[in-house]
There are 2 protein chains.
Amino acid sequence: MAHNFAIVLYDIPSSHPHNAWSPNTLKTRYALNYKGLRYMTEWVEYPDIESVSKDIGAAPTDNKPDGRPHYTFPAIRDLSTEAVISDSTKIAAYLDRTYPDTPRLMPAHGFGLFRAFEDAVRPLLDPLFPFVLPPTQAILNPPSGAYFRHTREESYGMPLEALAPTGEAGAAADNFGKMDEWFRAGGEDGVYMMGNAVCYADMWLAAYVLWVKLVLPEKWEDIKTWHGGRWATLLENLEKYGTVV
Amino acid sequence: MAHNFAIVLYDIPSSHPHNAWSPNTLKTRYALNYKGLRYMTEWVEYPDIESVSKDIGAAPTDNKPDGRPHYTFPAIRDLSTEAVISDSTKIAAYLDRTYPDTPRLMPAHGFGLFRAFEDAVRPLLDPLFPFVLPPTQAILNPPSGAYFRHTREESYGMPLEALAPTGEAGAAADNFGKMDEWFRAGGEDGVYMMGNAVCYADMWLAAYVLWVKLVLPEKWEDIKTWHGGRWATLLENLEKYGTVV
C-alpha cells in the first residue's frame, strides 16, 4: 500500500487550536519540517502511550520512580526503514543518519555533545514548570488531563494549583540569561546556537518557549521582552518549521 | 627578533615533577600540542596573575565575590597576531579561527554549544574538589600555596583540611557516569566525545582527570577502574598531546 507520507509521528493531542503542545514532540515536529520529510501524526491520549509504544515496538526512554519502564512521546515509525525510535534527541540523530541529503540537525558525531547540552538546559528550565503545568493540564482532553494531573501531583507532592510560584519569574529570566550567553558566545551574530544555520539546539529551546506561548500567553508577554527579544526572534525564525500536520 | 615559538602560554608552576597541574591550563596545553603550534610557557605564581594579566592586556574572565574583576590563567599571547586571549574555551575558539589548517578543536560555529557543555560539566565535577584541593595546595610553591589556601578557604568557609569528604566518592563516580553516557550516546565506539576524532570536550575532561592523577594518585587508582576504564583510556590517548614545554 502506498502512502503519501513516510514517517508517523506519535503525539499527544489537546483542545488548544494548535493541538500540538508538548515541548518534546514539538522538537521532533520542527526537525521533521526542517528536513522536509513527509510525515503524518498519530494522536494518542496520555493513558494509551504505554500500550501504543509497546504495540509499535518503541523503547521506554527512562524509568518511573517505582522502577518500571517509562514510555514517552515523541516516538516515530519510519515506514521506509521500519525503524521505530523514541526520545526526541535520538530521533534527531536517527534522521540525520538516515536522511543525509536533508539539512543536518547536529554536526557530524555531535550526539554526545547534544546530550551534554540537554543536561545543561534541563535544570535551567525548572523554574518555568510551576507556571506552565496548570494551564497545560487545563487544555488537555479529559483522559490525558486526569493522567497529567495525577502524575504531576504525585511528582511534586501537592495539587497543581498549589504550585503557583512566588517570585520565581526572576529565576526563569536569570536562567534564560545563561542560555542567552551561549548564543552570544563566539562573537557571531548569535541568532542561532551554531552561527547562521538552525540546529537542533535552537529547536530544543524554541519548543519550550512555544509551549509557554501556547498555554500561558500572559507569561509569553514577559518572556518575549527578555534578552533583546532573543526568544521572540527565535520563535519567528522557526515558525516556518512549526507546521502541525 | 625571531623566536622559535609563536605563542606564549601563561601557566602556574608547582613543585610536582610534572610542573603543570592546573586543569584549566592543561586544557590549553592539550589544544596547543594537538594543533602542533609552537609555544613556550611563562610560569607565573598565583599572586602575580593579576598584574601579569594587566601588563599583557589579558581580559578578566569573571568577577570575584566582591565584584572586582578576576584575572585567571590560562592566557595566551600570540606573537604572530599580537592577540592576547584569556579563558581556555575562548582560547580554543581563537586557535580554531586563527589556524584553520590545524586539526579543529570544535565543529564550525560550535563555541556556544561548548559553553553549554561546560555548564553541564561543572556541577558534575563539584564532588571532586574536596578531595583534590588539599593535595593541590601541598604541591604549590610557597607564594601560590598561601594564595590558594586563603582564597579557597574563604570560598568554602572552612580550613582546607576540614573539607575531607565523607561518602562523596560515590557522588563523583555517579557524576562521571553521567558523562560516560554522553560518550556512549549515539552508538559510536565512544572513545571520544565526537566519534573517532579528539575534540575540545575530550581535552576538557582529560585535563580534570589528569589533575587528579597528578596530585592524588590514590584517588586515581579508583577512578581508572570506573566505566570500563574510560578515563584511563582517555588519558592514554591524549598523552601524546600532554607534553609540557
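Being of a type outside the set (Lys, Arg) and out of contact with any Pro (no Cβ under 6 Å at 6 or more places or on another chain): is that true of B:TYR39 here?
Working: of a type outside the set (Lys, Arg): yes; out of contact with any Pro (no Cβ under 6 Å at 6 or more places or on another chain): yes.
Spelling it out, B:TYR39 is indeed of a type outside the set (Lys, Arg) and out of contact with any Pro (no Cβ under 6 Å at 6 or more places or on another chain).
On the given criteria, is A:LYS35 basic (Lys, Arg), buried (at least 16 other Cβ atoms within 10 Å of the Cβ), away from chain B (no Cβ under 14 Å) and within 16 Å of the chain's Cα centre (by Cα)? Break it down stepwise before answering.
Values: basic (Lys, Arg): yes; buried (at least 16 other Cβ atoms within 10 Å of the Cβ): yes; away from chain B (no Cβ under 14 Å): yes; within 16 Å of the chain's Cα centre (by Cα): no.
Spelling it out, it is not the case that A:LYS35 is basic (Lys, Arg), buried (at least 16 other Cβ atoms within 10 Å of the Cβ), away from chain B (no Cβ under 14 Å) and within 16 Å of the chain's Cα centre (by Cα).
Go through region B:126-245 and tell me which helices (runs of 4 or more DSSP H), entirely inside it, have 2 or more residues that are closer than 27 Å to B:ARG104 by Cβ. Break it down into steps so the answer makes sense when it comes.
On the way: elements: B:129-139, B:142-156, B:169-184, B:200-215, B:217-223, B:230-238.
In region B:126-245, B:169-184, B:200-215, B:230-238 are the helices (runs of 4 or more DSSP H) which contain 2 or more residues that are closer than 27 Å to B:ARG104 by Cβ.
Name the residues in region B:46-66 that are touching a residue at least 60 places away in the same chain (Cβ under 8 Å) and open to solvent by less than 40 Å² (accessible area, probe 1.4 Å), would you?
B:TYR46
Quickly run through region B:91-106 and pick out the residues that are in contact with a helix residue (DSSP H, G or I) (Cβ under 8 Å, 6 or more places away or on another chain) and either open to solvent by 20 Å² or more (accessible area, probe 1.4 Å) or part of a helix (DSSP H, G or I) (or both).
Filtering region B:91-106 for residues in contact with a helix residue (DSSP H, G or I) (Cβ under 8 Å, 6 or more places away or on another chain) gives B:91-93, B:95, B:99, B:102-106.
Within region B:91-106, B:ILE91, B:ALA92, B:ALA93, B:LEU95, B:TYR99, B:THR102, B:PRO103, B:ARG104 meet the criteria.
All but one of (1) in a helix (DSSP H, G or I); (2) closer than 22 Å to B:TYR200 by Cα; (3) under 18 Å from the mean Cα position of the chain (by Cα) hold for B:THR72; state the number of the condition that does not hold.
Single failed check for B:THR72: (1).
Within region A:47-60, identify whether any single residue is in a loop (DSSP other than H, G, I, E, B), away from chain B (no Cβ under 13 Å) and modelled with pLDDT under 95, and answer yes or no.
no
Answer yes if at least one residue in region B:163-175 is on the phi < 0 side of the Ramachandran plot and within 11 Å of chain A (Cβ to nearest Cβ), and no otherwise.
Here is the first cut: in region B:163-175, the residues on the phi < 0 side of the Ramachandran plot are B:163-166, B:168-175.
Those still in the list that are within 11 Å of chain A (Cβ to nearest Cβ) too: B:175.
Yes: one or more hits.
Does region A:115-156 hold any residues that are open to solvent by 60 Å² or more (accessible area, probe 1.4 Å) and more than 14 Å from chain B (Cβ to nearest Cβ), and which are they?
A:ALA138, A:PRO142, A:PRO143, A:ALA146, A:TYR147, A:ARG149, A:HIS150, A:ARG152, A:GLU154, A:SER155, A:TYR156
Just a yes or no: is a residue in region B:189-197 closer than 29 Å to B:LEU32 by Cβ, in contact (Cβ under 8 Å) with a residue 12 or more places away in the chain, within 14 Å of chain A (Cβ to nearest Cβ) and open to solvent by 40 Å² or more (accessible area, probe 1.4 Å)?
For region B:189-197, residues closer than 29 Å to B:LEU32 by Cβ, in contact (Cβ under 8 Å) with a residue 12 or more places away in the chain, within 14 Å of chain A (Cβ to nearest Cβ) and open to solvent by 40 Å² or more (accessible area, probe 1.4 Å): present.
Among the candidates A:THR233, A:THR225, which residue alone is closer than 23 Å to B:ASP119 by Cβ, away from chain B (no Cβ under 14 Å), modelled with pLDDT of 90 or more and open to solvent by 40 Å² or more (accessible area, probe 1.4 Å)? Step through it out loud before you land on a result.
Values: A:THR225 fails: closer than 23 Å to B:ASP119 by Cβ.
The unique qualifying residue is A:THR233.
The values are calculated or read from the model by the stated rules, or taken from the named source; none is laboratory data. Predicted model, so just to flag it, every value in this text is computed and none were measured. Ideal geometry is used to build each Cβ from the backbone, glycine not excepted, and the neighbour counts take in all protein chains shown. The protein model used for the area step is the full one, side chains on, heavy atoms only, and it has no ligands, DNA or RNA in it. Shrake-Rupley method; radii C 1.70, N 1.55, O 1.52, S 1.80 Å.
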